[in-house]
Amino acid sequence: MAIKVRIPTPLRKITNGSDEVAAEGCNISEVIENLETNYPGLKERICEADGKLRRFVNIYLNDEDIRFKKNLETELKENDEISIIPAIAGGKF
Amino acid sequence: MSYMKALKCRECGKEYAKEALHVCELCFGPLEVIYEYDKIKEVLTREIIEKRAPNMWRYRELLPLDNEPSVGAQVGFTPLVRAHNLGKALGLKELYIKNDAVNFPTLSFKDRVVSVAISRARELGFKIVACASTGNLANSVAANAAACGMESYVFIPYDLEKTKIMGTIVYGATVVGIKGTYDEVNRLCSEIAGKYGWAFVNINIRPYYAEGSKTFGYEIAEQLGWKLPKNIIVPMAGGSLITKISKSFKEFIKLGFVEDTGTKVFGAQATGCSPIINAVKEGSELIRPVKPNTIAKSLAIGNPADGYYSAKVMRESGGWGESVTDEEIISAMKLLAETEGIFAETAGGVTLGVTKKLIEQGRINKDESVVVCVTGNGLKTQEALNGHLSEPTIINSRLSEFEDLVKANGKEYVVKA
Ligand SMILES: Cc1ncc(COP(=O)(O)O)c(C=O)c1O
Ligand SMILES: [Zn+2]
């Protein structure tokens, strides 16, 4: 499944400056693993050591917070768009 | 002499220099000020504090400044009122009102956070201060900026109470009303803070700003005779105040100033904006944002920055949370005014209304000490009472008309000869 992922400013160093990247996966977890393969270091910024999403990182699937869906297990369809957004936006970000 | 050590991420523990930072660059968690408590313990005692002037700076070792405060030297040490009449009405044995409706200079607890934030912003070299506000913060930033000769920008939802808007503009602040909710105001301010590099007291200066609220809790403990209350009820918007009151009690315990007698911390919100209460009631760690609709505009934050930590404070202290409707808010504002002579703003109505509910639910033990936090002044939210108070009776300046009135009211009084 091809998915579009929007990257917030503080993580763009890892994506070589891109604000949007393509990824593959049938659910959010798989997308994160796929991102980590292509952009090493990205996963630890958004997930705890045990794989759980960090408390102050939000992931939106088509504008809905995945925490209120099936979290990392939320299933994806072709051409879905996800956004990674720090909960406390602003400041130097 | 400063005992402020560093900033530290509340989530992953990474430490940062004490600059204008508020988010952890590693995990995006919020940053908090940490202190050298062992050193504070060597130099600060209850007796030293008691000898100092009656304002919030009597606890200065526990506040995040490198030097003396440069604005707001008189803020704080507001009355802790033993509320016998209201206590009787509620069936409580030992009730207190902590009354920041008379805090100086702008009649809300926000003067505590703002005097710390602006003093710190000046230490860090900022020339312009700003904030995103639901009203009280706007008043305080504008007044305190004026008092120290700084330029200020205040961003608010456009539909705030008129008094809160006028009470900001009068100090010469540039006031920008945003067509949207507080959460939209806040989002815009985050962008402006990043781009213009101004000191937004509750955004990039937030770790320092938030510490100012601790003084509300320190004062309660000292005014109770160096004791903690068994129950405290705190109004919540972003959830910073309740978190910092809890921190203040823990710090006093750590310093040996009070005994740990197990304070239950209760949170209060309006039913029309209760994202934190919803999470507490559902037993969830997740705060689901809401779109606010309540007369308690000062508390109308639908996506509270410290919601998670507030819910945690309530849960871990054995407290709870409740919400009240607009009608309940108004009747509680009247009850407080009529029993104690204290005119609180809508947020005070929320706090007292919730207190009443928690007593009825049996969650607050009537024999224990209870502190109700009044954080803002009723004169600023008078329009909430429109149509809810009786009108004055208008008569001509004739004694007979007055006597007719007494009769019409069914009253009879003893007259002198
Ligand atoms: C009168 C009053 N009480 C309480 C609060 C809640 O403060 P916090 O955002 O720290 O929860 C506010 C916030 O604006 C307020 O204006
Ligand atoms: Zn962190």
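The values are calculated or read from the model by the stated rules, or taken from the named source; none is laboratory data. The shown structure was predicted, so the numbers you read here are calculated from the model rather than taken from an experiment. Cβ atoms come from the backbone with ideal geometry, glycine included; neighbour counts cover every protein chain shown. Ligands, DNA and RNA are stripped out before the accessible areas are found, and what is left, the full protein with its side chains, is counted by its heavy atoms. Shrake-Rupley method; radii C 1.70, N 1.55, O 1.52, S 1.80 Å.
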request  = For B:K264, indicate whether it is basic (K, R), crowded, with 16+ Cβ neighbours inside 10 Å and either without any contact (Cβ under 8 Å) to a residue 60 or more places away in the chain or not assigned by TED's automatic domain parsing to the domain that holds B:E42 (or both).
outcome  = yes
message = I'd like to check something: does region A:42-57 contain any residue that is farther than 28 Å from B:Y309 by Cα, more than 11 Å from every other protein chain (Cβ to nearest Cβ) and of a type in the set (G, A, S)?
response = no
Unmet requirement for B:V114, which otherwise passes all of (1) over 22 Å from B:G194 (Cβ atoms); (2) assigned by TED's automatic domain parsing to the domain that holds B:E191 = (1)
ask   = What do you reckon, is B:V113 modelled with pLDDT of 95 or more and within 16 Å of the chain's Cα centre (by Cα)?
value = yes
query = Only one residue in A:N34, A:N79, A:N27 is more than 8 Å from chain B (Cβ to nearest Cβ), surrounded by fewer than 20 Cβ atoms within 10 Å (Cβ to Cβ) and at pLDDT below 95. Which one?
reply = A:N79
ask   = When B:N103 is evaluated against the numbered criteria (1) away from ligand 1 (no atom under 16 Å from the Cβ); (2) without any contact (Cβ under 8 Å) to a residue 60 or more places away in the chain; (3) of a type outside the set (K, R); (4) in contact with a helix residue (DSSP H, G or I) (Cβ under 8 Å, 6 or more places away or on another chain), which criterion, by number, is the only one it fails?
value = (1)
ask   = Cβ-Cβ below 6 Å, separation at least six or inter-chain, first residue in region B:15-35 and within 11 Å of ligand 2 (Cβ to nearest atom), second outside any loop (DSSP other than H, G, I, E, B) and of a type in the set (D, E): which pairs?
value = none
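Against the definition (exposed (fewer than 14 other Cβ atoms within 10 Å of the Cβ) and of a type in the set (A, V, I, L, M, F, W, C)), how does B:L399 come out, yes or no? So that I can check it myself, show each step before the final result.
On the way: exposed (fewer than 14 other Cβ atoms within 10 Å of the Cβ): yes; of a type in the set (A, V, I, L, M, F, W, C): yes.
Yes: the conditions hold for B:L399.
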message = Among the residues of region B:231-238, are any open to solvent by 30 Å² or more (accessible area, probe 1.4 Å) and more than 14 Å from ligand 1 (Cβ to nearest atom)?
response = no
message = When the residues of region B:1-46 are narrowed to those that are within 16 Å of ligand 1 (Cβ to nearest atom) and part of a loop (DSSP other than H, G, I, E, B), which ends up surrounded by the fewest Cβ atoms within 10 Å (Cβ to Cβ)?
response = B:R10
inquiry  = Go through (1) away from ligand 2 (no atom under 16 Å from the Cβ); (2) in contact (Cβ under 8 Å) with a residue 12 or more places away in the chain for B:K8 and report which single condition fails.
reply    = (1)
ask   = In the list B:V354, B:V324, B:V313, which residue meets the criterion of being in contact with an Asp or Glu (Cβ under 6 Å, 6 or more places away or on another chain) and more than 19 Å from B:E161 (Cα to Cα)?
value = B:V354
inquiry  = All but one of (1) touching a Pro at 6+ places or on another chain (Cβ under 8 Å); (2) within 14 Å of chain A (Cβ to nearest Cβ); (3) under 22 Å from B:G194 (Cα atoms) hold for B:E11; state the number of the condition that does not hold.
reply    = (3)
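State yes or no: is B:Y16 within 12 Å of another protein chain (Cβ to nearest Cβ) and among the hydroxyl-bearing types (S, T, Y)?
yes
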remark   = In region B:1-45, anything of a type in the set (G, A, S) and farther than 15 Å from B:P207 by Cα is listed as B:S2
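Give the residues of region B:201-229 that are within 12 Å of chain A (Cβ to nearest Cβ) and more than 18 Å from the chain's Cα centre (by Cα), sorted by residue number.
B:N204
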inquiry  = Name the single residue that is farthest from A:L11 (Cα to Cα) among those in region B:20-58 being within 14 Å of chain A (Cβ to nearest Cβ) and acidic (D, E).
reply    = B:E32
